[in-house]
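Below is one structure; the comments refer to it alone.
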């Protein structure tokens, strides 16, 4: 009897010990990761391999008003009468205005073919100009206008209404704060209404060069 009680007690102790050894464990997974923050923006580092920016084009300065002065010659085809010419140019664009004045000595002529402007010529004109290439140093120009001429011949003189057509070429020098140009051209002149003393003057040409400066 005692032996069975002892065996039962050992059996009960073994079952209790095994039950304690097999206690249930709840798996809750790995621990949560540490909180993360947004990555800082990358610093912009200029690249040394980039080419430099293209230079800004710098066109030559163009003055709205220029004064021109230079030698001229007047001719009807018989000879050449030397003289002086002056002009004032207005405008910076394709279209402009030019006021001119020219004074020439008489054109020499022979006894067989006397010159109709043998004793001198003075003329004053205004014309509309067309600059065919307003950008850059070279400026080919056309002009058309009208004006008044005074012709002296012997002891007579008279006035003539005239129409003009001109062609010129100018070169602008590279000056930062002034519009300096060197030019040359020729103007054809057609006579219109005139005084009786100079009614035989039909046409002539005035040519020459000039230096112009505008500020």
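The values are calculated or read from the model by the stated rules, or taken from the named source; none is laboratory data. Quick caveat, the model's predicted, so the values are computed rather than measured. When we count neighbours, we look across all protein chains shown, and the Cβ atoms used for this are built from the backbone with ideal geometry, even at glycine.
Reported count of residues in the stretch 108-143, each being surrounded by 13 or more Cβ atoms within 10 Å (Cβ to Cβ) and either touching a residue at least 40 places away in the same chain (Cβ under 8 Å) or assigned to a strand (DSSP E or B) (or both), is 21. Looking across the stretch 165-180 at every residue that is surrounded by fewer than 18 Cβ atoms within 10 Å (Cβ to Cβ) and in contact with a strand residue (DSSP E or B) (Cβ under 7 Å, 6 or more places away or on another chain), the one that is modelled with the lowest pLDDT is identified as 178.
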